[in-house]
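Below is one structure, written out as structure tokens; comments come after it.
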Amino acid sequence: MSSVGKGRKPYALEEGSTIAVVAPSFSVEFDRLNHIEGQLSSRGINLTRREDIFERFKYFAGTDLRRSEELKEAIRDPSVDGIICARGGYGCTRLLPDLEAQVFNENKKPLAGYSDITSLLLWQWRHAALVGFHSPMLDRQGGLEDVELDSMISMLMGRKGYEILQGIGLSGTTAVGTLMGGSLTMVVASLGTSWEIDTRGSILLLEEVNEKPYQIDRMLQQLKAAGKFDAIVGVGIGYLVNCIDSKREEPTAQEVIEAVFAPLGVPVVTNLPFGHDSPNRTWPLGIKAEINARTGEVSFLENGVLQK
């Protein structure tokens, strides 16, 4: 049975809520994290983190054990209302076999991040059927733009505003489905795992960074061969950052996207404001939305959180 459309929602954050900052992937830079923590604090969000968050083990933010315990501690801690990941890179998938879906279900905390964190959001959806948030993280040069902060806070608190992602319609008309996806690389990496993406009835949202057009095509062809496009109702493409090939001018990443998705006959919208560029708008993975290729919009039809 498809898990799409059957998710539960975490509890909404409120003014004065406490968010735990965790680092399940690459190591974290103090100055960058400290700066964005200050930005969130100025918006009335209390933040907490473990003192060992800046540990380094190879390219990770400490050992697998440290990172796993940090995340599990944040999920269980009754004083923590939500969780934001510090950064992506790589390492999240190493922790997933050690997590307990029941604990995520019992606590129902909003969990936010993107890039490598896509795997954690997909795991949470498949194992705990819990909505998560594709969202900016806290280790980024220069901090977050106001629109990014406003979008994140609005989504995590269930406020009105920022419920429409505006892009450019490519083909098709309109459809309603469940928002699913994230980093193209991590979506493909989920194939064959227990957190494999379930795209049935979904509006598939994808973004990527530093992948050449032929590499994007290869990943899309793998998803196609795995049947992941057979029952989607729409496609939304975010930023494709530095997805160029200095040796081959054609096809471009955009042309690859068009060649793969336009023939499917579903609404396709590109240039949506999420992913590895600014503004990186927040969207809830697992909620109902409408995609309209005529207007180039993806509109959220429900909140991603429940009011307590």
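The values are calculated or read from the model by the stated rules, or taken from the named source; none is laboratory data. Quantities reported herein were computed from a predicted structural model and do not represent experimental measurements. Methodologically, a virtual Cβ is constructed for each residue, glycine included, from the backbone with ideal geometry; neighbour enumeration extends over all protein chains shown.
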- Item | Those residues of region 235-287 which are closer than 21 Å to Val131 by Cβ, part of a loop (DSSP other than H, G, I, E, B) and small (Gly, Ala, Ser), in sequence order | Gly275, Gly286
- Any residue in region 260-268 that is in contact with a Gly (Cβ under 9 Å, 6 or more places away or on another chain) and β-branched (Val, Ile, Thr)? yes
- Is it the case that some residue within region 272-295 is under 15 Å from Gly181 (Cα atoms), at pLDDT 95 or above, outside the structural domain of Met152 (by TED's automatic domain parsing) and hydroxyl-bearing (Ser, Thr, Tyr)? yes
- Query: Among (1) β-branched (Val, Ile, Thr); (2) under 20 Å from Ser42 (Cβ atoms); (3) touching a strand residue (DSSP E or B) at 6+ places or on another chain (Cβ under 6 Å); (4) surrounded by fewer than 17 Cβ atoms within 10 Å (Cβ to Cβ), where does Ile84 come up short?
  - Reply: (4)
- Listed by range, helices (runs of 4 or more DSSP H) wholly within region 111-202 having at least 1 residues that are within 13 Å of Cys92 (Cβ to Cβ) and in contact with a strand residue (DSSP E or B) (Cβ under 8 Å, 6 or more places away or on another chain) are 118-128, 184-189
- Query: Of all the residues that make up region 194-230, how many are within 21 Å of the chain's Cα centre (by Cα) and farther than 14 Å from Ile257 by Cβ?
  - Reply: 14
- Any idea which of (1) of a type outside the set (A, V, I, L, M, F, W, C); (2) in contact (Cβ under 8 Å) with a residue 12 or more places away in the chain; (3) not in a loop (DSSP other than H, G, I, E, B) is the one Gly44 doesn't satisfy? (3)
- Task: For Leu301, state whether it is within 22 Å of the chain's Cα centre (by Cα), crowded, with 17+ Cβ neighbours inside 10 Å and closer than 24 Å to Thr174 by Cα.
- Result: no
- Item | Counted residues, region 137-170 - those being surrounded by fewer than 17 Cβ atoms within 10 Å (Cβ to Cβ) and either of a type in the set (Phe, Trp, Tyr) or under 16 Å from Glu290 (Cβ atoms) (or both) | 2
- Item | Verdict on Arg56 being crowded, with 21+ Cβ neighbours inside 10 Å, at pLDDT 95 or above and basic (Lys, Arg) | no
